[in-house]
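Worksheet: the structure to be examined is printed underneath.
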Amino acid sequence: MARLLAQNIQKLMKPMALKQGFAEVQLLSNWRSIIGDQAYPYVGLKSLKNKKLLLEVSDSAWAQEVRYMSSFLAEKVNAYFGYKAVERIQVVQSGFKPKYEAPLPKENKPTERSIYEAEKYTCIVKDPVLKQRLQNFGALLHLDQN
C-alpha cells in the first residue's frame, strides 16, 4: 500500500519536477532525509541541471553553512542516486521562507515540590534577596532534573 502511494505521488510530482529541472523526482520527495531535519526548513531545492544543484536558503547564515558543507552534500546526493549526479552546488539567498519557525521554549515555572527542595538547601543563607534568588534558581534546576 505504501509503495503504491509513493509511486503515485512520484507520478504526480514528475511534471513539476521536470519543469524545475529535476530529472529525478526522488530528490524532491526525499530531500528532507538527504539534507537532514535541522537544515530542511531553511534550505530548499531550486534545480538540478547539468550536474549543478541549485539550492535556495532563507538567510546569510544558512548560505554560509550550506557553502561550508557543499562537498558533503554533493557526496550525500551522489550516494543517494548511486552515481555522480552533482558535481557543483550553488547557493542562492532569496526570499525563501523557512518551512516552519522553531517553537519558543516553554517557560518553566517552579512547582511546590521544587520550591520546597530548593528551600531545604538555602536555610542557612541570611541575606533575604540572595536567599530568594538561590531558591528560584534551585527550584528551576530541580525541574530540569525531573
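Numbers at a glance
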read-out: Residues whose placed amide H lies under 5 Å from that of Gln90, excluding near-sequence neighbours; value: Leu53, Leu54, Leu55
read-out: Whole-Hz ³J(HN,Hα) from phi, Karplus 6.51 cos²θ - 1.76 cosθ + 1.60, for region 121-138, glycine and proline x; value: 8, 10, 5, 8, 6, 8, 5, x, 5, 4, 4, 5, 5, 5, 5, 4, 5, x
read-out: Spin-label model distance (nm) - Ser60 vs Tyr40, 7 Å beyond Cα toward Cβ; value: 2.9
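Quick note: the coordinates plus some simple rules give every number you see, no bench work behind them. Every value quoted in this text rests on a predicted model; they were computed, and no experiment measured them. Using ideal geometry, Cβ is built from the backbone for each residue, glycine included, and neighbour counts are taken over all protein chains shown.
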